[in-house]
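Visitor: Here's a structure for you.
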Amino acid sequence: MTIEKILQERILVLDGAMGTMIQRHKLEEKDFRNEKLKDHPHPLKGDNDLLSITRPDIIKDIHRQYFDAGADIAETNTFGATSVAQADYHLEHLVYDINFQGAKIAKEVAKEFTDREPNKPRFVAGSMGPTTKLASMSPDVNNPGYRAITFDQLVTAFKEQAKGLMDGGVDLFLIETVTDTLNAKAALFAIQELFDETGKHIPIMVSGTITDASGRILSGQTAEAFLISVSHAPLLSIGLNCALGASALRPYLQVLNEHAPFFTSAHPNAGLPNEFGQYDQTPEDMAAQIKEFLDEGLINIIGGCCGTTPEHIKLIADLAKKYKPRNIHQEA
């Protein structure tokens, strides 16, 4: 059964935070190196995407924990796996391999669970983060016309990432944590080029990030404007993730619910970070806030972002079973 068909019947659960789970392992520089990288001159600690190559055992275990908790969809460990972001570690040459291996690992674990429970197929979403540079905003307050990257450069970077993910076997693409819609449009353009070249098409999810109480993403768009800007693409879903906790996302999900001709998704943080950058919201507290989304029928796909763990996802999954999915509006 296709994911589109399943989404008409029930709410699907996305997994939780990869970074939060990796932090539990308290990894050192040696964990980010293998035989080929033992003499790499640049520090690699912190490049979590690289762990799909150097510590696949850890990444596989994280995927297993989330599937065990009830997740239907696992995100690949590739959030920062573009040449733009990997340039910080001087690893641009490994981008294809990082994405391929990230997809392959997640797909292997998903198959284990699908084979065990054929009536509950597991899917893999190729995570494509926003990169470290914005196409529509200047990083220099003294030179507002300056851009650190061009649209064409982003297309090239996202296309390389998408090819690795597709070759590795992902079931869908997830363009997530969108802070600049122009970056997201570059990713969509890159994916469409890849589809045209390969003749293969897989579903696409897009998820934006409301950055503050203004209700806008970083590049200035409201939730409705963001939706309109990406609606030219044949999306599987449109949604919101990261930044604000679940309760603060609700009014913006209401906007998407009212206007989106696609399925809707949300994977919020476990509240807001404390002064140490940690997330204190308990699984019970987060589930209670997400229950409001479900009560209002706002959601088709639900999961967690920063600070969320398998404990959070288990309660969310248990809750989602009790609700019917949102009905799609045919006209935006």
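Visitor: Please tell me the relative contact order of segment 3-320 in percent, rounded to the nearest whole number, where contacts are Cα pairs under 8 Å and at least six residues apart.
Guide: 19
Visitor: Sort 11-17, 292-298, 142-148, 27-33 for me by packing, meaning the mean count of neighbouring Cβ atoms within 10 Å per residue, highest on top.
Guide: 11-17, 292-298, 27-33, 142-148
Visitor: For the chain, what is the mean residue ellipticity at 222 nm derived from helices alone (per DSSP H run of n ≥ 4: -39500 (n - 2.57); sum divided by total residues; nearest 500 deg cm²/dmol)?
Guide: Dividing the helical sum by the residues of the chain leaves -12500 deg cm²/dmol.
Visitor: For segment 109-262, what does the alpha-carbon gyration tensor say about shape, rounded, prolate or oblate, given a ≥ b ≥ c as the root eigenvalues, a/c under 1.5 as rounded, and a/b over b/c as prolate?
Guide: In terms of gyration-tensor shape, oblate.
Visitor: May I ask you to compute the full-extension gain from residue 213 to residue 282, defined as 0.36 nm times their residue separation minus their alpha-carbon distance, rounded to one decimal in nm?
Guide: Going from the current span to full extension adds 22.6 nm.
Visitor: Can you give the convex hull volume of the alpha carbon atoms of segment 59-136 per residue, in Å³?
Guide: Cα-based convex hull of segment 59-136, divided per residue, equals 93 Å³.
Visitor: Determine, from the Cβ-Cβ distance of residue 274 and residue 198 and an R0 of 35 Å, the FRET efficiency 1/(1 + (r/R0)^6), rounded to the nearest 0.05.
Guide: With a Förster radius of 35 Å, E is 0.20.
Visitor: Also: Calculate the radius of gyration of the Cα atoms of the chain to one decimal place, then report Dmax, the largest Cα-Cα distance, as a whole number, both in Å.
Guide: Reported Rg and Dmax, both Å: 18.6, 58.
Visitor: Let me check I've understood the local charge: for residue 84, count other residues with C-beta under 14 angstrom from its C-beta, Lys and Arg +1, Asp and Glu -1. What total comes out?
Guide: Overall, the nearby charge balance is -4.
Just so you know, all these numbers are worked out from the coordinates, no wet-lab data involved. This structure is a prediction, so every number in the text was calculated from the model and none was measured. Don't worry about glycine lacking a Cβ; one is built from the backbone with ideal geometry, like all the others, and counts go over all protein chains shown.
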